[in-house]
Amino acid sequence: DFLKEINDSINKHKIPNFLPNVKQTEREDSYNRRVCDDRTRFLLDKKCLNIEGYSKIEICDIYDKAEKSFIHIKKAESSSSLSHLWNQGVVSEQLANSKNKIYRTKFKQEVSADVPEKRKIYYGIIKDTETLPIFSKISLFNTIKLLKSLGKEDDDIKYFYIGIE
């Protein structure tokens, strides 16, 4: 029953991939650069903030201005890399909610816009199959619950798989 609850819950947040697939030998950072156009999708990968109490915080990997979505992308090499992915979205959302000045200034500098009050959090998982380890499923389930406690609605939190060519 517990696993069914986990699967049913996280499956409501799964969407089809809307980005190109990753090339077989392509690194994550190269992929992120390739899919950004600086008109609607902005590259924020590796553009880190240093905020007291935090070190090297990324707002997101890609910001989609048209969708007002903060896209966090990670190769699914292990449960720990996926936990890092989920946490990246949570920390960014917490900083956005706190109206942190450093966070908001960096965002505006990179995308020439203010942090939208209504925004989405998308998790892009680079993986050759559309499966998650049970630990990662439970962690995603808990992340979704945490994001909802921060004011996000079901439609604001999505994840998708990015295939590998």
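Run the paramagnetic zone check for D8: 7 angstrom along Cα to Cβ, then residues of region 122-147 with backbone nitrogen under 16 Å.
Correct set: 141.
Taking the Cα of K56, stepping 7 Å toward and past its beta carbon, and measuring to each backbone N in region 9-38: which are under 20 Å?
27-33
In nm, to one decimal, how far is the modelled label at I15 from the one at E67, with both set 7 Å along Cα→Cβ?
Roughly 0.4 nm, to one decimal.
Using a Cα-Cα cut-off of under 12 Å, which aspartates and glutamates could be cross-linked to K75, ignoring same-chain neighbours fewer than 8 residues away?
Correct list for K75: E26, E28, D29, D128.
Between I164 and K101, what length in nm is gained on full extension when 0.36 nm per residue of separation is reduced by their alpha carbon distance?
Details: separation 63, 0.36 × 63 = 22.68 nm, distance 3.77 nm.
Answer, rounded to one decimal: 18.9 nm.
Got a number for carbon plus sulfur as a percent of the chain's accessible area, 1.4 Å probe? Don't jump to the answer; show the numbers that get you there.
On the way: 4220 of 8630 Å².
Roughly 49 percent of what the probe reaches on the chain is carbon or sulfur.
What is the calculated FRET efficiency for K23 to T131, with r their C-beta to C-beta distance and R₀ = 22 Å, to the nearest 0.05? Walk me through the numbers before you get to the answer.
Values: r = 21 Å, r/R0 = 0.98.
Calculated transfer efficiency: 0.55.
Identify the GluC sites (Glu not before Pro) of region 59-116 meeting these criteria: DSSP loop state and at most 12 other C-beta atoms within 10 Å of the C-beta. Each step should come with its number before you reach the end.
On the way: sites: E67, E77, E93, E110; in loops: E67, E77.
Those that pass, being in a loop and sparsely packed, are E77.
Using the Cα gyration tensor of region 44-88, with a ≥ b ≥ c the square roots of its eigenvalues, what is the shape: rounded (a/c below 1.5), prolate (a/b larger than b/c) or oblate (neither)? Don't jump to the answer; show the numbers that get you there.
On the way: a/c = 2.25, a/b = 1.06, b/c = 2.12.
Verdict is oblate for region 44-88.
Need one word for the chain: rounded, prolate or oblate. Basis is the Cα gyration tensor (sqrt eigenvalues a ≥ b ≥ c); a/c below 1.5 gives rounded, then a/b vs b/c decides.
Numbers: a/c = 1.67, a/b = 1.21, b/c = 1.38.
It is oblate, given that a/c is not under 1.5 and a/b is not larger than b/c.
As a check on your grasp of the helix formula, calculate [θ] at 222 nm for the chain: sum -39500 (n - 2.57) over DSSP H runs of n ≥ 4, divide by the residue count, round to the nearest 500. Intermediate values should be presented prior to the final figure.
Numbers: 5 runs with 64 residues, N = 165.
Only helices count here, giving -12000 deg cm²/dmol.
Skipping prolines and chain starts, which residues have an amide H placed within reach, meaning under 5 Å, of the one on K14, given they are 5 or more residues away or on another chain?
Y159
The values are calculated or read from the model by the stated rules, or taken from the named source; none is laboratory data. In this text, all values refer to a predicted model and were calculated from it rather than measured experimentally. For neighbour counting, all protein chains shown are included, and Cβ atoms are generated from backbone atoms with ideal geometry for every residue, glycine included. When the accessible area is computed, the model is the full protein with side chains, heavy atoms only, and any ligands, DNA or RNA have been set aside. Shrake-Rupley method; radii C 1.70, N 1.55, O 1.52, S 1.80 Å.
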